[in-house]
1. Is it the case that residue 158 is under 17 Å from residue 118 (Cα atoms), open to solvent by 10 Å² or more (accessible area, probe 1.4 Å) and out of contact with any helix residue (DSSP H, G or I) (no Cβ under 6 Å at 6 or more places or on another chain)?
2. When the residues of the range 216-274 are narrowed to those that are of a type in the set (Val, Ile, Thr) and either in a strand (DSSP E or B) or more than 18 Å from the chain's Cα centre (by Cα) (or both), which ends up farthest from residue 340 (Cα to Cα)?
3. What strands (runs of 3 or more DSSP E) lie completely within the range 43-97 and have 1 or more residues being within 17 Å of residue 128 (Cα to Cα)?
4. Against the definition (among the polar types (S, T, N, Q) and open to solvent by 30 Å² or more (accessible area, probe 1.4 Å)), how does residue 183 come out, yes or no?
5. Can you tell me which residue among 198, 182, 209 is free of Cβ contacts under 8 Å to residues at least 60 places away in the same chain, touching a Pro at 6+ places or on another chain (Cβ under 7 Å) and on the phi < 0 side of the Ramachandran plot?
6. Looking at the range 18-49, which of the residues that are free of Cβ contacts under 8 Å to residues at least 40 places away in the same chain and not polar (S, T, N, Q) is nearest to residue 123 (Cα to Cα)?
7. Could you grab me the full set of residues in the range 128-151 that are part of a loop (DSSP other than H, G, I, E, B) and closer than 21 Å to residue 201 by Cβ?
8. Just to be sure before I move on: is residue 190 over 22 Å from residue 246 (Cβ atoms), out of contact with any Leu (no Cβ under 9 Å at 6 or more places or on another chain) and at pLDDT 95 or above in the structure I sent?
Amino acid sequence: MATFGASTTNVNPNRSAEVASPPSDSVSSLCFSSKANHLVATSWDNQVRCWEVMKQGTNITTVPKASISHDQPVLCSAWKDDGTTVFSGGCDKQVKMWPLLSGGQPVTVAMHDAPIKELAWIPEMNLLVTGSWDKTLRYWDLRQQNPTWVQQLPERCYALTVKHPLMVVGTADRNLVVFNLQNPQTEFKRVVSPLKYQTRCLAAFPDQQGFLVGSIEGRVGVHHLDDAQSSKNFTFKCHRDGNDIYSVNSLNFHPVHQTFATAGSDGAFNFWDKDSKQRLKAMLRCSQPIPCSTFNHDGSIYAYSVCYDWSKGAENHNPSTAKTHIYLHQPQEAEVKGKPRAGTSSRK
């Protein structure tokens with residue numbers, strides 16, 4: 001029997017595999033290598049960690065591989081397309097490039113005047129792009145010390161997504177700044193978020209024709225760039241429980257089926273099909289929020305962190321019970337394969 005007064009909520013109700021030796025503080029970003037099942041997590045304990053994920057049938061095991069430190073909390077990460085090098089940025093206002101698999105030492109390759117919230121490697125341009133709370137976006141050629149271009153933003157960068165040639169940046173004033181990376185020095189379009197509250201996360205459509213936006217108010221917007229497609233735009237509610245409304249913290253498209261996952265501060269992750277406007281699967285709620293998530297390169301593993309996200313302030317943070325977990329879920333085809341629309345063949 002549970003101890004009197006103790007919480008009986010299950011931290012891992014979906015029975016996901018657990019990553020060994022997780023961070024000692026909340027996780028801020030997760031990313032998989034595009035070449036192998038190497039998972040990187042950044043966290044508020046100033047660390048960047050990497051695990052090797054091994055899959056045998058339905059069994060998943062993880063081995064901690066390496067870690068590096070920043071001087072302050074780390075907020076974002078991305079792999080280079082070579083699958084061997086990791087970029088990480090955060091509150092120390094710098095990006096470190098870490099030749100992880102070759103065992104090299106990290107070097108600073110980018111700087112801002114305020115914390116770096118987002119970064120992405122753009123292989124088609126051989127450039128790194130960084131977005132900061134200093135209200136700029138900067139492009140970096142790793143062979144040069146200074147940025148190749150500094151783009152002013154209307155406000156602090158809160159979210160960023162790239163699917164070349166499309167890039168969308170979400171700023172603190174609910175602006176969504178769209179760039180065509182074939183002409184990166186000019187804004188392509190500026191859209192006010194279809195959601196009424198602060199932008200939390202973005203995900204570009206796999207076909208580059210639009211993007212998803214998630215807000216702190218338990219809602220996701222599906223937005224097409226072409227005005228002729230505007231009739232397909234819609235928003236939907238999610239990550240709610242009765243009158244309780246939770247932030248949508250993460251949006252990830254499945255790399256094969258092009259359905260998507262949402263993860264939220266209610267401790268749940270769900271799989272959706274935007275084309276049929278249906279939820280494919282609602283997973284059981286964890287006992288703590290999910291601040292970030294990601295699919296591996298073939299979509300066979302969905303990684304998500306379960307930890308306190310500070311959405312209820314410091315008074316609700318109990319260091320003695322606030323353990324951080326990173327879980328690995330293996331999506332079943334029924335969870336992530338979209339449903340055929342009327343009038344279309346179900347064959348792929």
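The values are calculated or read from the model by the stated rules, or taken from the named source; none is laboratory data. These numbers come from a predicted model, not from an experiment. Reconstructed Cβ throughout: ideal geometry from the backbone, glycine too, with neighbour counts over all protein chains shown. We work out accessible area using only protein heavy atoms, side chains counted, and drop any ligands, DNA or RNA first. Shrake-Rupley method; radii C 1.70, N 1.55, O 1.52, S 1.80 Å.
1. Values: under 17 Å from residue 118 (Cα atoms): yes; open to solvent by 10 Å² or more (accessible area, probe 1.4 Å): yes; out of contact with any helix residue (DSSP H, G or I) (no Cβ under 6 Å at 6 or more places or on another chain): yes.
So residue 158 passes the test.
2. Here is the first cut: in the range 216-274, the ones of a type in the set (Val, Ile, Thr) are 216, 220, 222, 235, 245, 248, 256, 259, 262.
This time we only want the ones that are either in a strand (DSSP E or B) or more than 18 Å from the chain's Cα centre (by Cα) (or both), so: 220, 222, 235, 245, 248, 262.
Details: 220: 22, 222: 19, 235: 21, 245: 31, 248: 26, 262: 21 Å.
The extreme case among them is 245.
3. Numbers: elements: 47-56, 59-69, 74-79, 86-90.
Per the criteria, 74-79, 86-90.
4. Values: among the polar types (S, T, N, Q): yes; open to solvent by 30 Å² or more (accessible area, probe 1.4 Å): yes.
So residue 183 passes the test.
5. Working: 198 fails: touching a Pro at 6+ places or on another chain (Cβ under 7 Å); 209 fails: touching a Pro at 6+ places or on another chain (Cβ under 7 Å).
The match here is 182.
6. Restricting to residues being free of Cβ contacts under 8 Å to residues at least 40 places away in the same chain and not polar (S, T, N, Q), the top hit is 49.
7. Of the residues in the range 128-151, the ones part of a loop (DSSP other than H, G, I, E, B) are 133-135, 141-148.
Correct list: 133, 134, 135.
8. Working: over 22 Å from residue 246 (Cβ atoms): yes; out of contact with any Leu (no Cβ under 9 Å at 6 or more places or on another chain): no; at pLDDT 95 or above: yes.
When the stated conditions are applied, residue 190 does not pass them.
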